[in-house]
Every structure is written in structure tokens, then in C-alpha cells.
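Presented below is the structure to which this report refers.
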Amino acid sequence: MRSRQQDMDLQNKQGPEEEWEDEHFLPPRKTVHPTEKERWLPVFYRTLLWLFILLVVGLLIWGWRYLQKHG
């Protein structure tokens, strides 16, 4: 009959299969397959930036034309 300590020692030892898993580490799934949200976020921010730039340019052109007519 085995003692409780011997059973615990057998459970704590790593077998060849567990060592093999440690040697062949796979990256997290999130790293390999980014979510759609992460893919579209830079496009969204770039679009917002361009819309802001176009708004500023449009307001400047409108202001210059307004000043030429009324100034």
C-alpha cells in the first residue's frame, strides 16, 4: 500500500508529455487572431482625423470667400 506522500510525489513529477508541452509554446489566440474590433479601430480613427481635417479646410475656404465678398 502506498502512502499519501508517495501519491503526491508521483503527481508532482512531470512526465515526458508535459515537458513536450512546455517546449512547444503556442502564443495566445488573441495574438494570432486579432478581433474585428482591433482591426477596424485604426481605420475608424484615421477616418475621424480626415473628417476633422476636411472640416477645418472647408471652414477656412468658406471664411476666405465670405471675407472677400463682405470684407
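Tabulated data for the structure shown
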read-out: Accessible-area order (highest first, 1.4 angstrom probe) of the listed residues LYS69, LYS30; value: LYS69, LYS30
read-out: Local electrostatic count at LYS30 - Lys and Arg +1, Asp and Glu -1, tallied over other residues with Cβ under 12 Å; value: +1
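The values are calculated or read from the model by the stated rules, or taken from the named source; none is laboratory data. Small disclaimer: the values here were computed from a predicted structure and weren't measured. Cβ coordinates were reconstructed from backbone atoms using ideal geometry, including for glycine residues, and neighbour counts include every protein chain displayed. Quick note on the areas: whole protein, heavy atoms, side chains included, nothing else; ligands and nucleic acids left out. Shrake-Rupley method; radii C 1.70, N 1.55, O 1.52, S 1.80 Å.
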